[in-house]
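Asks: The structure's right below; bear with me while I get my questions together.
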Amino acid sequence: MSNKMGKKIHAFTVEEYKDRLVKVKADMESKGMDVMVVSDPANIYYISGYDALSFYTPQAVIISLDLDEPVIILRLQDHYAGALTCWMKDDNIIAFPDKYLWEPEKMYVWDFVADRLKERKLDKKTIGVEMHAYYYTHFSHLTLTRGLPDAKFVDATKLINWIRGPKSKQELEYMEIAARITENAMWNALKGIKPGVRENAVGAGVMRDQGLGVGYYGGDTVSLPPIISSGERTQAAHFTYQSEGYFQDNQLTYMELSGCYKRYHAPLSRTICTGEVPPEIQKAAPAVIEGLNVALDTIKEGVLCEDVEAAWQRTINKYGIEKESRMGYTVGCSYAPVWCEESAYFKPGEKFALKENMTFHIMPGIWLNGYGMAITETLRVTKTGCETITKFPRKLFLADELE
């Protein structure tokens, strides 16, 4: 099946895709892998350009040291999407018929993948698979290994995720656009939060703004729905709005959301209070803001991730507050269910040294008994410090001030 459109649509130049492939192959070779089977949809997009919401069924990219180009394996009805978005030759875009989905205990997509590896004489190689990827299930692995009994399988989880860390000029431009979408959605949401307003109305407004984008740039579907929690629900970090809930007077609301452009995200969190600020938040808000500023001042190329978290922790400890969870993670290119890139984290014991143009969502939030709040930024590491990609007032918002 060939591409009837003629002109392919890429988010990046073919040269950038080929440069990524060179880096992946070099890392594979250093780890003793001959072949890698990629199943994470963000990694598939990163290496092939394939962009569609078809990851709920199995799909894979095969990278081999013996092959000049990756080979992508997709469902037949998604072949056109592959032909339109993938940079490789059409012969390297291969479709499986739906019969491979009907009775997986008899014949499954990963049997089809195994057969394609056999055709290319890759069935006796050392093959890396993303064992901890969201959509590569235990059954997927059992099927693939059963079909390739002479292969040696090794874990290649996060191999590409780490390569994705430092962003190219084009990637950073996409994140800047995503940040403008984020900021617009956040402003409108904050202004919409008033006692008596339905929570789902604000949530719907966020998703509308995410889709509409800003100016010329329309938004893409976001990897994670907006997190909007109010009152006692703020003590849980990942609630979304209540479908029939109303904002109340004298109540906190915590929001975490992102815009998305060309699959690149720039998350942001802010907290707003209607009415009187609780005493706990009067104490916590300055700690969170000071801790965030100190952590941002710590970041530069070569600094260890654990040192960033330690700077934050020392600051909030002065206020009698401790936080056990990580306070930042790599962010950028992603698909559902999360916008985290799943590589480096700002957490205790993380010895990774920061590199220029890595991008993080620095996430200093406090979730304790009775309340929670967060004030966060998306940032880019530079040689001498960091720059926030999101540009937004860094404070606890008061609803009365936004009327």
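The values are calculated or read from the model by the stated rules, or taken from the named source; none is laboratory data. Note that the structure is a prediction, hence the values are computed from the model and not measured. Every residue, glycine among them, receives a Cβ derived from its backbone with ideal geometry; neighbour counts consider all protein chains shown. Quick note on the areas: whole protein, heavy atoms, side chains included, nothing else; ligands and nucleic acids left out. Shrake-Rupley method; radii C 1.70, N 1.55, O 1.52, S 1.80 Å.
Asks: I want to confirm something. Restricting to segment 286-304 and keeping residues that are open to solvent by less than 10 Å² (accessible area, probe 1.4 Å) and not β-branched (Val, Ile, Thr), which single residue is nearest to Leu368 (Cα to Cα)?
Replies: Per the stated criteria, the residue is Ala287.
Asks: Hand me the list of helices (runs of 4 or more DSSP H) wholly inside segment 154-248 holding 2 or more residues that are within 23 Å of Pro364 (Cβ to Cβ), touching a helix residue (DSSP H, G or I) at 6+ places or on another chain (Cβ under 7 Å) and aliphatic (A, V, I, L, M).
Replies: 169-192
Asks: Sticking with this one: Do the conditions hold for Arg164, that is, is it basic (Lys, Arg), open to solvent by less than 60 Å² (accessible area, probe 1.4 Å) and in contact with a strand residue (DSSP E or B) (Cβ under 8 Å, 6 or more places away or on another chain)?
Replies: yes
Asks: In the list Leu304, Leu296, Leu268, which residue meets the criterion of being touching a helix residue (DSSP H, G or I) at 6+ places or on another chain (Cβ under 7 Å) and touching a residue at least 24 places away in the same chain (Cβ under 8 Å)?
Replies: The match here is Leu268.
Asks: Can you name the residue in segment 353-385 that is at pLDDT 95 or above and of a type in the set (Gly, Ala, Ser) and, of all such residues, is nearest to Gly328 (Cα to Cα)?
Replies: That would be Ala353.
Asks: So Ala83 passes all but one of these: (1) more than 27 Å from Lys167 (Cα to Cα); (2) in contact (Cβ under 8 Å) with a residue 40 or more places away in the chain; (3) out of contact with any Pro (no Cβ under 8 Å at 6 or more places or on another chain); (4) among the aliphatic types (A, V, I, L, M). Which condition number does it fail?
Replies: Among (1) more than 27 Å from Lys167 (Cα to Cα); (2) in contact (Cβ under 8 Å) with a residue 40 or more places away in the chain; (3) out of contact with any Pro (no Cβ under 8 Å at 6 or more places or on another chain); (4) among the aliphatic types (A, V, I, L, M), Ala83 violates only (1).
Asks: Read through the list (1) within 16 Å of the chain's Cα centre (by Cα); (2) under 25 Å from Ile193 (Cα atoms), then give the number of the only condition that Pro393 fails.
Replies: (1)
Asks: Looking at (1) in contact with a Ser or Thr (Cβ under 6 Å, 6 or more places away or on another chain); (2) among the aliphatic types (A, V, I, L, M); (3) exposed (fewer than 15 other Cβ atoms within 10 Å of the Cβ), which is the only condition Leu368 fails?
Replies: Of the numbered conditions (1) in contact with a Ser or Thr (Cβ under 6 Å, 6 or more places away or on another chain); (2) among the aliphatic types (A, V, I, L, M); (3) exposed (fewer than 15 other Cβ atoms within 10 Å of the Cβ), the odd one out for Leu368 is (1).
Asks: Now for a separate question. Being free of Cβ contacts under 8 Å to residues at least 24 places away in the same chain and of a type in the set (Ser, Thr, Tyr) is the requirement here; does Thr126 meet it?
Replies: No, not satisfied.
Asks: What are the pairs with Cβ atoms under 6 angstrom where one residue, in segment 1-21, is farther than 14 Å from Tyr80 by Cα and the other, located anywhere, is modelled with pLDDT under 95 and open to solvent by 60 Å² or more (accessible area, probe 1.4 Å)? Sequence gap at least six, or different chains.
Replies: Listed by first residue and then by second, the contacts come to nothing, as the list is empty.
Every residue, every condition in (1) closer than 21 Å to Lys169 by Cβ; (2) at pLDDT below 95, yes or no:
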{"site": "Gly6", "(1), (2)": "no, yes"}
{"site": "Ile9", "(1), (2)": "yes, yes"}
{"site": "Ser30", "(1), (2)": "no, no"}
{"site": "Val35", "(1), (2)": "no, no"}
{"site": "Asn43", "(1), (2)": "yes, no"}
{"site": "Ser48", "(1), (2)": "yes, no"}
{"site": "Val61", "(1), (2)": "no, no"}
{"site": "Asp68", "(1), (2)": "no, no"}
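Asks: Collect the residues in segment 383-403 that are in a loop (DSSP other than H, G, I, E, B) and open to solvent by less than 40 Å² (accessible area, probe 1.4 Å), keeping them in residue-number order.
Replies: Correct list: Gly385, Ile389, Thr390, Phe392, Leu396.
Asks: Quick one: which of Asn200, Asn161, Asn188 is touching a Phe, Trp or Tyr at 6+ places or on another chain (Cβ under 6 Å) and at pLDDT 95 or above?
Replies: Asn200
Asks: What residue, among those in segment 123-158 that are open to solvent by 20 Å² or more (accessible area, probe 1.4 Å) and in contact with a Ser or Thr (Cβ under 7 Å, 6 or more places away or on another chain), is nearest to Leu74 (Cα to Cα)?
Replies: Tyr135
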